[in-house]
Amino acid sequence: MVYGLGGLGSSMLIEIGQVESIFRYPVKSMGGQRLEAANLGWHGLDGDRRLAFRRMDDRSGMPWLTASKLPDLVLFAPQHPEDGALGDLLLPAHVRTPDGKEMAVFGEELAAEVGRRHGAPVQMMQLRHGIFDEATISVIASDTVREIGRLAGRSLDVRRFRPNVVVRLLRPAPFQEDEWLGGVLSFGEGDDAPAITVTMRDERCSMVNLDPDSASPAPEVMKAVVRANQNNAGIYGAVTRIGRLAVGQTIFLCATGKMERA
């Protein structure tokens, strides 16, 4: 459906699909949490990537340990105090290791375990506004993931792409997200619906090669993204209106007259 927006000149509101799933990642590069709903704040989803391991021997501007350097990180699972009661601002109390042990998130034992696997010392850090590579929120369409899987010759779990929001498109077409660049996505109806401005394409790294359940690599996945769409899959956004995200919400694109019509 396409709607005109009074007072916005040549802008128009286009229904593009629904929220299929929502994920947050309390510790950068560790396992994520699938949610039915979450608060979208000015710095992304509440509780998303507020923690990360810092490589203590790294003096660069990006000292964070990621699964690109230690694939095993995706197998560590942050645990909250009460199963099924994920408060939006609640940080995980423990992390379950790939061996099934539970360790305090800020404990020396966990830092030692991760440092041992990495081969250098690390320290858990907490940043109030999150620890992001490019932007505070990421979105991808399930059709894009399926097309990459087809090209790679395997069925892909969307968790490889570590999105915050997965979109079920009204008009199925892979890499449709590229058309949203420069527009605004709103989640739900009404003037108070949470919204993000689409700021850039999501350029992929080797993390998409990692199976989220085994950390085993499949280089053909990233090769498929490169071949199909110049290594871009999904988009990044900046929050322009805060609010509540929920699975099943209708997603609208506010597109300017200069954008390609969906």
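The values are calculated or read from the model by the stated rules, or taken from the named source; none is laboratory data. If you're wondering where the values come from, they're calculated on a predicted model, not measured in any experiment. No Cβ is skipped: glycine too gets one built from the backbone with ideal geometry, and neighbour counts run over all protein chains shown. Heads up: the accessible areas ignore ligands, DNA and RNA and are worked out on the full protein's heavy atoms, side chains in. Shrake-Rupley method; radii C 1.70, N 1.55, O 1.52, S 1.80 Å.
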Among Thr197, Ser60, Ala112, the residue whose Cα sits farthest towards the positive end of the charge dipole of the chain (+1 at Cβ of Lys and Arg, -1 at Cβ of Asp and Glu, taken about the Cα centre) is Ser60
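Per residue Cα convex hull volume for the stretch 159-262, in cubic angstrom? Could you put the intermediate results ahead of the total?
Values: hull volume 12.1 nm³, N = 104.
Convex hull volume per residue, Cα atoms: 117 Å³.
Would the stretch 126-184 count as rounded, prolate or oblate if I go by the C-alpha gyration tensor, calling it rounded below 1.5 in a/c and otherwise prolate when a/b exceeds b/c, oblate otherwise?
Working: a/c = 2.69, a/b = 1.46, b/c = 1.84.
Cα axes put the stretch 126-184 in the oblate bin.
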Find out how many positive minus negative residues lie around Val198, taking Lys and Arg as positive, Asp and Glu as negative, among other residues whose Cβ is under 11 Å from that of Val198.
-3
Approximate spin-label separation Lys101-Arg59, in nm, with each point projected 7 Å along Cα-to-Cβ:
3.3 nm
In whole percent, and with a 1.4 Å probe on the protein chains, what portion of the accessible area of the stretch 139-221 is carbon and sulfur?
48 percent
Chain lengthening between Ser155 and Thr240 when straightened (0.36 nm per residue, less Cα-Cα):
27.2 nm
At 7 Å along the Cα-to-beta-carbon direction for both Thr199 and Glu134, put a label point, then send me their distance in nm to one decimal.
1.1 nm
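Net charge near Phe132, counting Lys/Arg +1 and Asp/Glu -1 over other residues with Cβ under 15 Å of its Cβ? Before the final figure, lay out the partial values.
Details: positive: Arg24, Lys28, Arg49, Arg50, Arg54, Arg128, Arg162; negative: Asp46, Asp48, Asp133, Glu134, Asp202, Glu203.
Result for the local shell: +1.
Which value results when the Cα radius of gyration for the chain is divided by 2.2 N^0.38 Å? Numbers along the way, then the final one.
Numbers: Rg = 18.7 Å, N = 262, 2.2 N^0.38 = 18.3 Å.
Taking the Cα Rg and dividing by 2.2 N^0.38 Å, one obtains 1.02.
Please calculate how many Å² of accessible area the chain carries per residue, with a 1.4 Å probe and no DNA, RNA or ligand atoms counted. Provide the component values of the computation, followed by the final result.
Working: 12000 Å² over 262 residues.
Using a 1.4 Å probe on heavy atoms only, each residue of the chain averages 46 Å².
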